[in-house]
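Remarks on the structure that follows.
The values are calculated or read from the model by the stated rules, or taken from the named source; none is laboratory data. Not measured: the values here are computed from a predicted model. Glycine also receives a Cβ, built like all others from the backbone with ideal geometry; neighbour counts cover every protein chain displayed.
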Amino acid sequence: SGCVPCGQSTYAPTTNILIACTLCPPGTFAYGWATSCINCTAGTYAPGTGTLCLPCAAGSWSAPGSGACGPACPDGTYPAIGTTMCVPCDPGTAGIGITIATTACPTCLAGTWSVQWGSVCIDCLPGTYSGNQASSCIACSAGTWSGTKSASCTNCLPGTYSGASAGFCPLCPEGTWSGPAATSCTDCLPGSYNPTPGSSSCLPCTAGNYTGSPRSPICLQCPE
């Protein structure tokens, strides 16, 4: 009598000759003379005990140590053409439950963005924007604004202004004015006034009236 080597996909964890070789469980395999089983690699599977690892069909996937191939790649990945591996979505792309072999995840549209392994495209916040396939959103410059999910920033209208990353353009207060795409409001000069917020110009005081300082909302009557 003597020791007999364990065959493929079987193993014996000890040297006790009274113990027969054990079949490897699903998702694992072994070469001859094995003391333990090895996980099947990603893209392969072992469907039963004592079986070898088999390649997944195109368009399906498996993680290491799988007993079966999944019908779709995990969220944030895609089945690459010509392989049985699931590949991470690139920044600016995203995907959920992709089953058809392809070269990339769907592209994020302008106004959205994603990081690598992204499962969904994220809307840009107010005050930011993005083009197609963006990995981040860009802040709007001063004098412009944007709403949620914007593909570009819009100039502030006359009578309004903004700093950088603005989600809206506030009105200029009384006694001030602004032109288009303004980054700040300009004070009305002495001799002029503005009683209305959001104005694009100042009004001159009429004869016999004056303003004592810049940024005046009204004109005062000259003393006799």
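Against the condition in contact with a strand residue (DSSP E or B) (Cβ under 9 Å, 6 or more places away or on another chain), over 19 Å from residue 150 (Cβ atoms), modelled with pLDDT of 95 or more and not acidic (Asp, Glu), how does residue 87 come out, does it pass? Let's see the steps before the verdict.
Working: in contact with a strand residue (DSSP E or B) (Cβ under 9 Å, 6 or more places away or on another chain): yes; over 19 Å from residue 150 (Cβ atoms): yes; modelled with pLDDT of 95 or more: no; not acidic (Asp, Glu): yes.
Taking the combined requirement at face value, the residue does not satisfy it.
Just need a number here: residues in the range 105-125 that are surrounded by fewer than 21 Cβ atoms within 10 Å (Cβ to Cβ), on the phi < 0 side of the Ramachandran plot and of a type outside the set (Asp, Glu). If you could, list the steps in order and put the result at the bottom.
Initial filter on the range 105-125 (surrounded by fewer than 21 Cβ atoms within 10 Å (Cβ to Cβ)): 106-107, 109-110, 115-117, 119-120, 122-123, 125.
Adding the requirement that they be on the phi < 0 side of the Ramachandran plot leaves 106-107, 109-110, 115-116, 119-120, 122-123, 125.
Then drop every residue that is not of a type outside the set (Asp, Glu), which leaves 106-107, 109-110, 115-116, 119-120, 122, 125.
Counting residues in the range 105-125 that are surrounded by fewer than 21 Cβ atoms within 10 Å (Cβ to Cβ), on the phi < 0 side of the Ramachandran plot and of a type outside the set (Asp, Glu) gives 10.
Would you mind stating whether residue 109 is under 30 Å from residue 186 (Cα atoms) and among the hydrophobic types (A, V, I, L, M, F, W, C)? Considered against the rule, which asks whether it is under 30 Å from residue 186 (Cα atoms) and among the hydrophobic types (A, V, I, L, M, F, W, C), residue 109 comes out as no. If you scan the range 156-177, which residues turn out to be free of Cβ contacts under 8 Å to residues at least 24 places away in the same chain and either of a type in the set (Lys, Arg) or in contact with a strand residue (DSSP E or B) (Cβ under 9 Å, 6 or more places away or on another chain) (or both)? Within the range 156-177, 162, 170 qualify. Within the set 150, 178, the sole residue that is buried (at least 16 other Cβ atoms within 10 Å of the Cβ), more than 30 Å from residue 87 (Cα to Cα) and either modelled with pLDDT under 95 or more than 13 Å from the chain's Cα centre (by Cα) (or both) turns out to be 178.
Residues to consider are 134, 72, 166; find the one that is within 30 Å of residue 26 (Cβ to Cβ) and crowded, with 17+ Cβ neighbours inside 10 Å.
Just one listed residue meets the conditions, 72.
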